[in-house]
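All remarks here apply to the structure that follows.
The values are calculated or read from the model by the stated rules, or taken from the named source; none is laboratory data. All values reported here derive from a predicted model rather than from experimental measurement. Note: ideal-geometry Cβ built from the backbone for every residue, glycine included; neighbour counts use all protein chains shown. Surface accessibility is based on the protein's heavy atoms, side chains included, excluding ligands, DNA and RNA. Shrake-Rupley method; radii C 1.70, N 1.55, O 1.52, S 1.80 Å.
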Amino acid sequence: MNKNFGLLVNGKWLKNKKTIDIFNPFDGKKISEVSSADSNQIKDSIKFAHSAFQSWSKTSAKFRSEILKKLFKLTIESKDSLSEIITLESGKPLEESKAEVEYGASFIEWAAEQALRSEGKLLESPENNKKMFYIKRPVGVVVAITPWNFPLAMVTRKVSAALAAGCTVILKPSELTPLTALKFGELAVKAGLPNGVLNIINGNPKLIGELLTKNSLVKKITFTGSTKIGKLLMKDSSSTVKNISLELGGNAPFVVFADADISNAIEGFIAAKFRNAGQTCISANRLFVEEKIFDKFLKKLVVRIKKLKIGNGFEKSDVGPLISEKAIKKIKNHIDDALSKGGEILIGGKKSKIGKLFFEPTIVTNINKSMKIFSNENFGPIIPVIKFKSDDELIQLANDTNYGLAAYFYTKKASRVWKIIENLEYGMLGINSGKISSYLNPFGGLKESGVGREGSIQCLEPFLETKFVSWSYDD
Ligand code: NAP
């Protein structure tokens, strides 16, 4: 692993004395260090991104698409090294890291294709000698702030769409997992991205956030992370009225109706809960099971959970470590809070002996709505399970949260499906499936889970402005 990985500003790799240490969550050992940007370097990144925008925004969509296609190819060719870096710095099982590289690369390929399809529109003018139309223009310098839980895919979903639209980017990855983003930066330079079009800054998040959100040359903030920081960025961006997209936290209900295929529901739940040790924004966060099958379902689920292998991501495990001590403390706090209010542990409930950052897959029963485990995102391998009797009760319980990102439900009854789709207040639904992520998915949430959508056929939209023209002329 490279020592003192630098910052990418205007096509140059800068190295500073001040660094941030990067640790392997599996054993807590230091794996590398990256340069921490100072205020001047952060300001320079804005200046260079602004200057590069003047030419990049004028390149043809075809030109941008070709560079992105090269970047896609390089990303796929680097699958082994990228997935090793992801597992090393995030702890997730290597198979999941490989899947993330493919998922992350799919956004680059998709954006390369969508770049060619951006279009304006000629409108039917109500007056003679007048043309009315609108065109699409890139918004300008984009700041992309990304989390540690998908160190590649959250970067590519934003950056490739912004570049395809003709924007330039300043990327601030999480200080917990910057190595993947820096490797991605190397590939972007190799793919032929001109200087200043993609800049990567690591360092003090508060300082970086303040300098970037308050600068009027930055036109767009695209953020994926916690609702708390999303609200702060929204507030700080208001002084310059920036265009802002927010992909924030979730509190996903996973619902099993009595008529569901139970084996299918269990496998879907395992994927939706334990992928990345429960550290995904669309992780199942509350399990609702219909009364008639409650005991039978839980019995089978416990048998399945006991088969999960907890361990080092490099050794064929199913559940890796959590990212930090803070994350362990949070889920411990959720468990203690639930137990103090009458909750009972069905399986797990404590730290695993495997290592400091491991927690046993846990089911908590006897849940009530005053518990933190019901209302807060836990971001770990723990789940409260709640019994329900009717569709209406389920809808009310599932919607009883400030979040609205993803929801899952399992049923074979077609007449129920539409009612649930219409009434669940969530941006994305999985029906008889625990996997919903795809480049085709307009990814995003309702309520405090965010503003806007990423990916999908609309992936360029967040990075484009609409310019309307009304043109009168003589005969
Ligand atoms: P976070 O603490 O909000 O951090 C996200 C990013 O914001 C990181 O790069 C972080 O930098 C940076 N940051 C922290 N404080 C900042 C500040 N004052 N100004 C500017 N940037 C700042 O979230 P996280 O713990 O990394 O990620 C987990 C959260 O992300 C969960 O809530 C999860 O649901 C959400 N998430 C949502 C989606 C989605 O698509 N909706 C996808 C993935 C994750 P440092 O890491 O360097 O502190």
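Pairs linking a residue in the stretch 370-381 that is more than 17 Å from residue 339 (Cα to Cα) to a residue that is among the charged types (D, E, K, R) and buried (at least 24 other Cβ atoms within 10 Å of the Cβ), with Cβ atoms under 9 Å and 6 or more positions apart or on different chains, do not occur. Of the strands (runs of 3 or more DSSP E) that lie entirely inside the stretch 156-239, those containing 1 or more residues that are of a type in the set (Phe, Trp, Tyr) span 218-224. Before we move on, is residue 238 more than 8 Å from the ligand (Cβ to nearest atom), open to solvent by 10 Å² or more (accessible area, probe 1.4 Å) and among the hydroxyl-bearing types (Ser, Thr, Tyr)? Here the answer is yes, as residue 238 does meet what is asked. Counting only residues that are open to solvent by less than 10 Å² (accessible area, probe 1.4 Å) and on the phi > 0 side of the Ramachandran plot, the stretch 434-458 holds 3 of them.
Based on this model, can you work out whether residue 46 counts as β-branched (Val, Ile, Thr), closer than 14 Å to residue 204 by Cβ and within 26 Å of the chain's Cα centre (by Cα)? Write out each step before concluding.
Numbers: β-branched (Val, Ile, Thr): yes; closer than 14 Å to residue 204 by Cβ: no; within 26 Å of the chain's Cα centre (by Cα): yes.
No.
Among the residues of the stretch 16-32, none qualifies, meaning not one is hydroxyl-bearing (Ser, Thr, Tyr) and more than 30 Å from residue 328 (Cα to Cα).
Restricting 181, 144, 153 to residues that are under 28 Å from residue 25 (Cα atoms), within 14 Å of the ligand (Cβ to nearest atom) and in contact with an Asp or Glu (Cβ under 6 Å, 6 or more places away or on another chain) narrows the list to 153. Going by what's in this entry, would residue 136 be described as more than 20 Å from residue 242 (Cβ to Cβ), in contact with a strand residue (DSSP E or B) (Cβ under 9 Å, 6 or more places away or on another chain) and open to solvent by 10 Å² or more (accessible area, probe 1.4 Å)? Spelling it out, it is not the case that residue 136 is more than 20 Å from residue 242 (Cβ to Cβ), in contact with a strand residue (DSSP E or B) (Cβ under 9 Å, 6 or more places away or on another chain) and open to solvent by 10 Å² or more (accessible area, probe 1.4 Å). Here the stretch 267-281 is the region considered, the condition is being of a type in the set (A, V, I, L, M, F, W, C) and open to solvent by 10 Å² or more (accessible area, probe 1.4 Å), and the residue that is farthest from the ligand (Cβ to nearest atom) is 270.
Quick one: which residue in 172, 131, 121 is within 12 Å of the ligand (Cβ to nearest atom), open to solvent by 10 Å² or more (accessible area, probe 1.4 Å) and of a type in the set (Lys, Arg)? Full working, then the answer.
Working: 131 fails: within 12 Å of the ligand (Cβ to nearest atom); 121 fails: within 12 Å of the ligand (Cβ to nearest atom).
Within the list 172, 131, 121, the selection yields 172.
Checked across the stretch 301-317, the condition of being touching an Asp or Glu at 6+ places or on another chain (Cβ under 9 Å), touching a residue at least 60 places away in the same chain (Cβ under 8 Å) and within 16 Å of the ligand (Cβ to nearest atom) holds for no residue.
So, restricting to strands (runs of 3 or more DSSP E) that lie completely within the stretch 333-452, which ones have at least 1 residues that are within 16 Å of the ligand (Cβ to nearest atom) and hydroxyl-bearing (Ser, Thr, Tyr)?
Because the criterion is at least 1 residues that are within 16 Å of the ligand (Cβ to nearest atom) and hydroxyl-bearing (Ser, Thr, Tyr), the strands (runs of 3 or more DSSP E) in the stretch 333-452 that meet it are 406-410.
Check the stretch 256-263 and report whether any residue there is outside any helix (DSSP H, G or I) and either under 19 Å from residue 366 (Cα atoms) or within 10 Å of the ligand (Cβ to nearest atom) (or both). Even if it seems obvious, please write down each step before you answer.
Step one: of the stretch 256-263, the residues outside any helix (DSSP H, G or I) are 256-261.
From what's left, either under 19 Å from residue 366 (Cα atoms) or within 10 Å of the ligand (Cβ to nearest atom) (or both): 256-257.
Yes; the residues of the stretch 256-263 include at least one that is outside any helix (DSSP H, G or I) and either under 19 Å from residue 366 (Cα atoms) or within 10 Å of the ligand (Cβ to nearest atom) (or both).
What residue, of 210, 291, is in contact (Cβ under 8 Å) with a residue 24 or more places away in the chain, surrounded by fewer than 17 Cβ atoms within 10 Å (Cβ to Cβ) and within 13 Å of the ligand (Cβ to nearest atom)? Spell out how you get there, then give the answer.
Details: 291 fails: within 13 Å of the ligand (Cβ to nearest atom).
The conditions single out 210.
Looking at the stretch 459-472, can you tell me whether even one residue there is open to solvent by 20 Å² or more (accessible area, probe 1.4 Å) and assigned to a loop (DSSP other than H, G, I, E, B)? No - not one qualifying residue is present in the stretch 459-472.
Of all residues in the stretch 423-446, exactly one satisfies the criterion of being farther than 20 Å from residue 394 by Cα and among the charged types (D, E, K, R), namely 435.
Residues being near the ligand (Cβ under 8 Å from one of its atoms), under 17 Å from residue 49 (Cβ atoms) and either aromatic (Phe, Trp, Tyr) or open to solvent by less than 10 Å² (accessible area, probe 1.4 Å) (or both) are entirely absent from the stretch 187-195.
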